[in-house]
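Q: Starting off with a structure, shown below.
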C-alpha cells in the first residue's frame, strides 16, 4: 500500500500539526506518516511529546536537534526517544544540527557521537 505523509515546516509548526493527521481523508492518506520536526514544533510553541502521544504509530522518521535546554541527554529527549521506540514506529532519527554559518561538520559529528553514547 502506498504511504503518504507530511513534515511540519516553520509556517505550520504547532498550529497545523494536530489538524492534518487527525482530519486527513483516510483513503487518500492511509497509512499517514507525520514526519515530526522537534525543533520546528518547539520553535512554534508546540509540544512534540503531546504530538507523539496523540498520533502513535505515525512518526516513522523524526527530525531531532538540541533546542535550548532540551539536549539529547535531557529528560525531554529521554521521553521523546522512549515514545519513538515504543509507540511511534520510528525507524530513523534525522539529526538536523549545524553551525550558525552553515558550514562544517563538527556540530553534526558531535551530535552523532552523543547519540551513539546514548545507544542510538
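The values are calculated or read from the model by the stated rules, or taken from the named source; none is laboratory data. Predicted model, so just to flag it, every value in this text is computed and none were measured. We place every Cβ from the backbone using ideal geometry, glycine too, and count neighbours over all the protein chains shown.
Q: Note down all Cβ pairs under 9 Å where the first residue falls in segment 54-81 and is on the phi > 0 side of the Ramachandran plot and modelled with pLDDT of 90 or more, the second is assigned to a helix (DSSP H, G or I) and surrounded by 18 or more Cβ atoms within 10 Å (Cβ to Cβ), and they're at least six residues apart or on different chains.
A: 68/42
Q: Another question, if that's okay. Going through segment 81-91 one residue at a time, which ones are under 14 Å from residue 49 (Cβ atoms) and touching a strand residue (DSSP E or B) at 6+ places or on another chain (Cβ under 9 Å)?
A: 81, 84, 88, 90
Q: Collect the residues in segment 67-103 that are out of contact with any helix residue (DSSP H, G or I) (no Cβ under 9 Å at 6 or more places or on another chain) and more than 16 Å from residue 41 (Cβ to Cβ), keeping them in residue-number order.
A: 75, 78, 82, 85, 86, 89, 91, 92, 100, 101, 102, 103
Q: Collect the residues in segment 65-80 that are farther than 19 Å from residue 109 by Cα and in contact with a strand residue (DSSP E or B) (Cβ under 8 Å, 6 or more places away or on another chain), keeping them in residue-number order.
A: Scanning segment 65-80 gives 76, 80.
Q: Under 7 Å between Cβ atoms, which residue pairs at least 6 apart in sequence (or on different chains) link something in segment 90-114 that is closer than 16 Å to residue 71 by Cβ with a partner that is at pLDDT below 85?
A: Close Cβ pairs (under 7 Å, with a partner that is at pLDDT below 85) amount to 107/97; 107/98; 107/99; 108/97; 108/98; 111/97.
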